[in-house]
Amino acid sequence: MRAARLFVWLLALLGTGAAWAVPQVVLVQNSGWMEPFYTDPHSQFKPLVAALAGSVARPGDAFVLAAFNQSLPGAPSPRALLSEQVDNATAAHVRAALAGLETARKPGGAALADTDLGEAAETTISRVLGGKPGLVWLVTNNRNSPNNDQATARRNREFYALIHRGAAITTALAFPLRMPVAGQHYHANGLMVYVFAVGQDGARALDAMLAAGRIRQVITEPPARLKPLDRDTVRLVPRKVENAPGVEFSMDAAGRLRADVAPDARTPSATILWQLENTIYPYTIAGAAISARSVLGGENRPIVLRTATVARLAPGRAEPLASTMQLPVAQLPGKWSLAALKSAGSAYVLPGRIELHLHDQKLELSQAFRDRMAALFPGDPLPDIFTPPADIQASTAVLPVEVHVHYGAGPLVLLLGGGLALLAAAAGAAYAYGRPRRVQLIVEDELRTVHTRAGATQPIYDKAGIEVARLKTTLFGHQLLDLREGAQVRLGR
């Protein structure tokens, strides 16, 4: 009843739409096959689980710690040990919950409980998380034997099918760990820690956790990927750019490819030498056909590869790859354009991506990994769970690209200087146009001073008050118009 209430509590917590990270569930196997991990006085099993929980869970996370074996009437599995919102006291609560955990026995007898890995994963995803995003951790010796079934290979394949065919699991990783223990009934050399990311939000949370090194604080072994096997199986690392003056490529801290381009670089293409690295541990890419394209500045262009195939590329290994890539010179703003002037002194950034496609992909479990698994789990058919599905024969790797065009401040300074000169000239003209002017006239031998402005035309009268002429004033001087016949009017003294 207590376990059911704790699971209900988590479902209620998930329904509140809280703003913290995705919930996490840690499942700890306590069936009979785990007996040496609990009884060996030197076992580091419980300290490992506690350290892992403390590293991956953050304050505010919804967190569940549960034990699992095989569900029987009167003995439900998984069984919650702890369910709470993580705070500073959670680490102590996890250690206390694990301290009282022992190997489970079947109801009504002394027989040790059996194991059902698939049941534990399915129940957690469907009932505990309720189909919502989250992370499920499963700590096990990988002996999948419901009802003491000795056909562990078949049971492992069922578990494997759940991982690969189940739509709920977006990402699945496994960490095989060495941990020799000896108990009264069994001995073991190691155990396995799985993590299943449920939903896209769960996958993003797991990626962020890996990038931050939170798992590596406890588990230093590299994760073995179970899913997905159809993307990001390789990585491109630029080594050198040829035949493209003014263009340089590099990788930034976030793993994006950065192209630094001089503003006067107008080379239409560049020869780029890469390192093609296998990032899909523990698989060897036995063979694949490769093609690539770039999407830059709204242009989708093929990348010509000097080699169209890859073969026998072991995990973590790299081989050289040469390519000819079209550069988006037509989309780069000229140095007098508005975009360039706005970016003066910094860089104009043009985002894009490079896509690398592997076709007819054939993956094989690396021999080094097989040897490691055989040493950790002697006699167990564990590599079967890592066998790639036959229908996964293609993958795509996407490399984000940013083209940085560096514009100097010279054009902007010249433009600003020209603008200031124009403003000064306009101000001078406005002042000259609007300032008062005095004009001296002689009318019938009488000296007169007339006040006027540029652009004004005003009448001139004789002593009798009769209009005898009109005075027009411009920026460049004065002029008498409509001079009456016989009138005695002239400019100046």
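The values are calculated or read from the model by the stated rules, or taken from the named source; none is laboratory data. These figures come from a predicted structure and were not determined experimentally. Backbone-built Cβ (ideal geometry, glycine too); neighbour counts: all protein chains shown.
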Reported set for region 158-183 where residues are under 29 Å from Lys46 (Cβ atoms) and basic (Lys, Arg) is Arg178
By residue number, the members of region 155-193 that are of a type in the set (Ser, Thr, Tyr), outside any strand (DSSP E or B) and touching a Gly at 6+ places or on another chain (Cβ under 9 Å) are Tyr186
Residues of region 96-138 that turn out to be touching a strand residue (DSSP E or B) at 6+ places or on another chain (Cβ under 9 Å) and over 20 Å from Ala174 (Cα atoms), as a count: 18
Anything in region 107-129 that is within 12 Å of Ala75 (Cβ to Cβ) and surrounded by fewer than 18 Cβ atoms within 10 Å (Cβ to Cβ)? List them, or say none. Pro107, Gly108, Gly109, Ala111
Quick one: count up the residues across region 194-223 that are touching a residue at least 40 places away in the same chain (Cβ under 8 Å) and either assigned to a loop (DSSP other than H, G, I, E, B) or outside the structural domain of Ile163 (by TED's automatic domain parsing) (or both). 8
Listed residues Ala53, Ala92, Ala67; which is crowded, with 24+ Cβ neighbours inside 10 Å, assigned by TED's automatic domain parsing to the domain that holds Val181, in a helix (DSSP H, G or I) and on the phi < 0 side of the Ramachandran plot? Ala53
Go through region 457-489 residue by residue and tally those that are surrounded by fewer than 12 Cβ atoms within 10 Å (Cβ to Cβ) and of a type in the set (A, V, I, L, M). 4
Please tell me if Gly109 is closer than 18 Å to Ala80 by Cβ and among the small types (Gly, Ala, Ser). no
Can you pull out every residue in region 76-89 that is among the charged types (D, E, K, R) and buried (at least 17 other Cβ atoms within 10 Å of the Cβ)? Arg79, Glu84
Based on what the data block shows, is Thr123 of a type in the set (Val, Ile, Thr), in the same structural domain as Ile169 (by TED's automatic domain parsing), assigned to a loop (DSSP other than H, G, I, E, B) and modelled with pLDDT under 95? no
Among the candidates Ala292, Ala311, Ala224, single out the residue that is hydrophobic (A, V, I, L, M, F, W, C) and touching a Ser or Thr at 6+ places or on another chain (Cβ under 7 Å). Ala292
Any residue that is at pLDDT 75 or above, of a type in the set (A, V, I, L, M) and either surrounded by 13 or more Cβ atoms within 10 Å (Cβ to Cβ) or touching a Cys at 6+ places or on another chain (Cβ under 8 Å) (or both) - is there at least one of those in region 336-351? yes
1 or more residues of a type in the set (Val, Ile, Thr): qualifying strands (runs of 3 or more DSSP E) within region 443-483: 446-452, 457-461, 467-474
Just one of (1) touching a residue at least 40 places away in the same chain (Cβ under 8 Å); (2) more than 16 Å from Phe196 (Cβ to Cβ); (3) outside any loop (DSSP other than H, G, I, E, B); (4) touching a helix residue (DSSP H, G or I) at 6+ places or on another chain (Cβ under 9 Å) trips up Arg143, so point out which. (3)
Out of Val198, Val193, I need the residue that is touching a helix residue (DSSP H, G or I) at 6+ places or on another chain (Cβ under 9 Å), β-branched (Val, Ile, Thr) and closer than 26 Å to Tyr38 by Cα. Which one? Val193
When residues of region 180-207 are filtered for being out of contact with any Lys or Arg (no Cβ under 6 Å at 6 or more places or on another chain) and closer than 20 Å to Phe386 by Cβ, how many remain? 11
